[in-house]
Amino acid sequence: MAKVAVVLSGSGVFDGSELHESVLTMLELEKQGIEYQTFAPDITQLHTINHQTGEATDGRNVLVESNRVSRGATQSLAELSYRNFDALVFVGGFGAAKNLSNFAVQGSEYTVEPSVAKAITEFNENGKWIFAMCIAPVLLAKTIPNVALTIGTDADTIGAIEPTGVNHVACSAIEHHVDEDNKVITTPAYMLASNLVELSSGIGGAIQALSTRL
């Protein structure tokens, strides 16, 4: 049975992992008969957003918050070894741009959190597939040279990752893109999806594509 590592970035769309994307990802992996283990960096998140009012307070721990999503099963990203998994998956949500990187703050001058960059590089250099959705492809743009990916249609976001040399591919919410050369699959997810049906279609199709390549 294939096994993938799923990287989370907290709990909640505005400061961590997008919950709908997280659940649908785990559901679709199970439908495809793919085993998974969730991971998250053991770091303090940028801040914590009150999802009702939008107010920000001091940050919580990314690993602790990610365990809310996985029902306590998430391990520290420091424990992840590419040798034990067939692929690497990144769920979306602003946590990818705030905790797994500083894209939300630095824009085109952003950097990727070191443990996240290490995981991406190790999987990529060892010929293993990587799937990222929503805003999370910014992580790949910075760490994989000349990668082709999709990240929605927002001109500012696309412009901010262009300095990395990325090849941006236009893609609808229900579609996905496969970069066969770099073994990367991406889908816009909630960058474009307007409902759960579109979200499920995009994530489901991408995971099906991943399944056929494992």
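Read-outs throughout are calculated quantities, based only on the coordinates presented, and are distinct from any laboratory measurement. Bear in mind that the values here come from a model prediction, so they are computed numbers and not experimental data. We place every Cβ from the backbone using ideal geometry, glycine too, and count neighbours over all the protein chains shown.
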Glu18, Glu35 arranged by Cβ crowding within 10 Å, fewest neighbours leading: Glu35, Glu18
Sequence-distant aspartates and glutamates (8 or more away, or on other chains) whose Cα lies within less than 14 Å of Lys128: Asp86, Asp179, Glu180, Asp181
Neighbour-count ranking [beta-carbon atoms within 10 angstrom, fewest first] of Met133, Met1, Met26: Met1, Met26, Met133
Cleavage-rule hits, trypsin sites (Lys or Arg not before Pro), segment 93-165, DSSP coil, Cβ neighbours within 10 Å at most 16: none
Sequence of Asp156, Asp15 once ranked by neighbouring C-beta atoms within 10 Å, starting from the fewest: Asp156, Asp15
Beta bridge orientation in the chain: antiparallel %, DSSP, nearest 5: 25
The chain: relative contact order in percent, alpha carbon pairs under 8 Å with at least 6 residues between: 20
Candidates Ala40, Ala73, Ala170, ranked by Gaussian network fluctuation over the chain, Cα under 10 Å, top entry: Ala73
